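Below is one structure, written out as structure tokens; comments come after it.
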Amino acid sequence: MKRGCVIFGYFRENTDLSKQRIIQLYIQLVTQQELRESKLTARMAEEMLKLESEMGIKLNLTLSEIHFIACIGDHGPINVTTISEKVNLTKGSITRISKKLWKLDLIKRQQLVDNKKEVYYRLTAKGQKLYKIHHRMHQDIEQRFMSFLDKYSPEKLAFSRELLEDLLDWDF
């Protein structure tokens, strides 16, 4: 009986140490992700400078504005409500962003003949260029990540997926 308690205590202690290490790794991952996002932002900024030089205008776009363009590129023509749902921004933010992007000639607005209230957005030729740059960068990242995941078994991938889904639902 005493031996069982010792073994149970060992496993519990070992489990607690594993949990502590997972917390440390999680914090390290979040910090590392911030650094990687900075690198991605820098790469996107370089591409934006090239594009600005080519277009002869200063774009000065935020990440939300770039994702707005990506959403239109992926789903256009698309209305305010659908963009709002897909990029998780308020309709007011969508309207504000759309005005800026329209002035920069990155998007165009269309209204239906029978419904003047509903506005649909499409990308202009300039918007398409920006969309392609962003899309290419995302494809590159996704391809590299898929290659990274190749080293894991289907069982480990299933566990990882479950853990990440749970982390998305978890709140501090």
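The values are calculated or read from the model by the stated rules, or taken from the named source; none is laboratory data. Given the structure is predicted, the values throughout are model-derived calculations rather than measurements. All Cβ positions, glycine included, derive from the backbone under ideal geometry; neighbour counts span all protein chains shown. Protein only, heavy atoms only, side chains kept; ligands, DNA and RNA dropped before computing areas. Shrake-Rupley method; radii C 1.70, N 1.55, O 1.52, S 1.80 Å.
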For the chain, the percent of accessible surface on carbon and sulfur atoms (probe 1.4 angstrom, ligands and nucleic acids excluded) is 56
Pulled fully out, how much extra length does the chain show between Thr95 and Gln33, if you take 0.36 nm times their separation in residues and subtract their Cα-Cα distance?
19.3 nm
When the chain is modelled as a GNM with alpha-carbon springs shorter than 10 Å, which of Phe159, Phe148, Phe68 fluctuates the most?
Phe159
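What does the charge count around Trp102 come to, taking other residues whose C-beta lies under 10 Å from its C-beta (Lys +1, Arg +1, Asp -1, Glu -1)?
After counting each charged neighbour, the total is +4.
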Any idea how far the Cα center of region 9-58 sits from the one of region 129-172, in Å?
13
Among Ser53, Ser93, Ser84, which one shows the highest mean-square fluctuation when the chain is modelled as a Gaussian network with alpha-carbon springs under 10 Å?
Ser53
If each K or R counts +1 and each D or E counts -1, the residues other than Glu162 whose Cβ falls under 14 Å of its Cβ total -2
Rounded, prolate or oblate: which fits region 43-151 when a ≥ b ≥ c are the square roots of the eigenvalues of the alpha-carbon gyration tensor, with rounded for a/c under 1.5 and prolate only if a/b beats b/c?
oblate
Residues in region 93-111 near a label at Arg122, defined as backbone nitrogen under 15 Å from the 7 Å Cα→Cβ point?
106-111
What number comes out for the charge environment of His135, summing +1 per Lys or Arg and -1 per Asp or Glu over other residues with Cβ under 12 Å away?
-1
Residue-normalised accessible area of the chain, expressed per residue, 1.4 Å probe, Å²
78
Potential lengthening between Ser160 and His75 on full extension [0.36 nm per residue; Cα-Cα distance subtracted]:
27.6 nm
Nearest 10 degrees is fine. How inclined is helix 125-149 to the longest principal axis of the chain, computing both from alpha carbons?
10
What does the C-alpha gyration tensor say about the overall shape of region 16-105? Classify as rounded when a/c is under 1.5, otherwise prolate if a/b is larger than b/c, or oblate.
oblate
